[in-house]
Amino acid sequence: MYSLSDLLSLQPKGDVAAKVLSVYLGETPGNGAAGYRAVLEQAMDGVAVSLPADERRLFARERAAVMDAPLDAKAWRKGLAVFSSQPEHLWWLTETHVPLPTSVRYETAPYLGPLISAREAHRRYCLAAGDTANARLFLVRLGEVEAREDVQDRVPRRHSQNEHAANIERQHGAKRQLHMKHVAEVIGAWHKEMPFDDLVIGGAVEAMAHFERELPPHLTAIIAGRSPMPMYGPEVQLLARAEASVAAKRAWREEQAVARVLTQSAKHKGGVSTEDATLLALKDGEAHELIAAAGHRVRGCQCTACGLLSATIVRVCARCGAAVELTEDVVERALAQAAARGTRIMLAHGAAGQRLTTEAGGLSAVLESPRR
Ligand SMILES: [Zn+2]
């Protein structure tokens, strides 16, 4: 069984590289399995007619394998991605969890851009919604709750009317603090085991500040939002509020990152923002973070030997002189290269993405800081 990291290591291997059929199934045509098959067959036909005659038979084999797979049962709820190449002994079928547009590609590299983008755009976050004695904790990734836990601690009620009021009040404070520590511990353990990028604090207003005080600094640093909410409301409502906080934080982060890389690039210090300079930095391992405008496509070519991408269409590779292959989308291949090398990826959406496209052609990179 393949995994995303296996696929990421697949790069075109010279002129005879076997092609990979990549299929995304994500739209909801509305008439069940038959609708899906029709949409998919149509997309497959579109690819088949564009192929040279000698490739059609190989394509037909991959197509048959995909159409025979059990696509329908899960497809309209979860979205599916399938990658198939019989010459490469490659077969990977995975849920995308978020709806991605249906598409079919048959190319020398698996079409991973949508999968990488979806993972980047729906990173894992934690929601802690609580009051002074109870908390509901959620760990969410790609719209799915990966873990949930209720933390309940016995905290004596405050504002007691009897003569021990002061004592009770003190006990309440101490127990409340223990509860907050307890919640922070659970979240800390989650973060260690399944690192998340954002933490949203929600629930009762009077509890939020107390809770924040118990958090270790590395968790305080990733607070994406503080959102008062009725903590016993339906889960979907809680998660919708949390998603809104995470999305707002993300938009802010993207705007900051784009502004920063454009300044760095203008000063020729720490960043590049032309397509070719970015692609070269990526290839040479000098890129610390690749920042691309979400959904932006750039035609170009890729070296069949060393893998160098270029937005300028050239006849032979500028680096090694080998033959190049044309591609409709160097951005998507750049994302795959970045993901394969472990280079950080940021996709800029909305206003940030537009600015990056207008001022930098949609691609930029923050460079590794020079060694001291
Ligand atoms: Zn080359």
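Can you tell me which residue within the range 317-338, out of those that are of a type outside the set (A, V, I, L, M, F, W, C) and in a strand (DSSP E or B), is farthest from the ligand (Cβ to nearest atom)?
So in the range 317-338, the residues of a type outside the set (A, V, I, L, M, F, W, C) come out as 319, 321, 325, 327-329, 332-333, 337.
Retained after the next criterion (residues that are in a strand (DSSP E or B)): 325, 327.
Numbers: E325: 11, T327: 14 Å.
Residue satisfying both the conditions and the ranking: T327.
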Is it fair to say L80 is within 25 Å of the chain's Cα centre (by Cα), closer than 27 Å to A294 by Cβ and at pLDDT below 90? yes
Residues being within 16 Å of the ligand (Cβ to nearest atom) and touching a residue at least 12 places away in the same chain (Cβ under 8 Å): count how many of those fall in the range 252-291. 7
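Quick check on the range 292-315. Is at least one of its residues away from the ligand (no atom under 16 Å from the Cβ) and in a strand (DSSP E or B)? Steps first, please.
The first filter runs over the range 292-315 and keeps only residues away from the ligand (no atom under 16 Å from the Cβ), leaving 292-299.
Adding the requirement that they be in a strand (DSSP E or B) leaves 292-293.
Checking the range 292-315: at least one residue is away from the ligand (no atom under 16 Å from the Cβ) and in a strand (DSSP E or B).
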Mind telling me which of the residues R141, R105 ends up being modelled with pLDDT of 85 or more and crowded, with 19+ Cβ neighbours inside 10 Å? R105
Which of the residues spanning the range 246-291 are surrounded by 22 or more Cβ atoms within 10 Å (Cβ to Cβ) and in a strand (DSSP E or B)? G271, V272, A287, L290, I291
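The values are calculated or read from the model by the stated rules, or taken from the named source; none is laboratory data. All of these numbers come straight from a predicted model, not from anything done at the bench. All Cβ positions, even for glycine, are placed from backbone atoms using ideal geometry, and neighbour counts span all protein chains on display.
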